[in-house]
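FYI, it's all coordinate maths here, none of it is from the lab. Just so it is clear, the structure is predicted and the values come from calculations on it, not from any experiment. Neighbour counts are summed over all protein chains in view; Cβ atoms, including those assigned to glycine, are modelled from backbone coordinates with ideal geometry.
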Amino acid sequence: MEQQELLIALGSRIRMIRLAKDLTQSQLAGICEFEKSTMSKIEAGRVNVSYFTLHRLSVGLDVNICQLLTAE
């Protein structure tokens, strides 16, 4: 898989988990202390996120960080 495909897959998993928890992008962005536009870029796979960002997302979504990285 190429880098862009990996980022898109990650963004899709984040979106799926967010929707399952009935959160909007704005709500999750607020919880994680991101701008809504940043949350949108992450879910669209347009930004390469850091480990720290993944940690903030996992805390905000109340999931293990591995769940963000593992396709189901």
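A simple spin-label model places pseudo-atoms 7 Å from Cα toward Cβ; at His55 and Ala20 they are separated by 2.4 nm.
Using a simple charge model, +1 on the beta-carbon of Lys and Arg, -1 on the beta-carbon of Asp and Glu, nothing else, what dipole does the stretch 24-72 show about its Cα centre, in debye to the nearest 20?
Details: 4 positive and 5 negative charges, 34 e Å.
That gives a dipole near 160 debye.
Where Lys and Arg each count +1 and Asp and Glu each count -1, what net charge lies around Asn48 among other residues with Cβ under 14 Å from its Cβ? All intermediate terms of the calculation are to be shown ahead of the outcome.
Details: positive: Lys41, Arg46; negative: Glu2, Glu5, Glu43.
Residues close to Asn48 contribute a combined charge of -1.
For the stretch 13-20, putting each phi into the Karplus relation 6.51 cos²θ - 1.76 cosθ + 1.60 with θ = phi - 60° gives couplings of 5, 4, 4, 4, 5, 4, 5, 5 Hz, in residue order, rounded to whole numbers and with x for Gly and Pro. Diffusion coefficient (Stokes-Einstein, Kirkwood radius over C-alpha pairs, 37 °C, 0.692 mPa s) for the chain: 277 µm²/s, rounded to a whole number. For the chain, the longest principal axis of the C-alpha atoms and the axis of helix 51-61 are separated by about 50°.
Given 0.36 nm per residue, what is the gain on full extension from Ile65 to Lys36 after removing their alpha carbon distance, in nm?
Details: separation 29, 0.36 × 29 = 10.44 nm, distance 2.07 nm.
Here the answer is 8.4 nm.
Quick one: compute the contact order of the chain, relative version, from alpha carbon pairs under 8 angstrom and 6+ residues apart, as a percent. Spell out each step's value before the answer.
Numbers: 65 pairs, mean separation 27.4, N = 72.
Normalised by residue count, the contact order of the chain is 38 percent.
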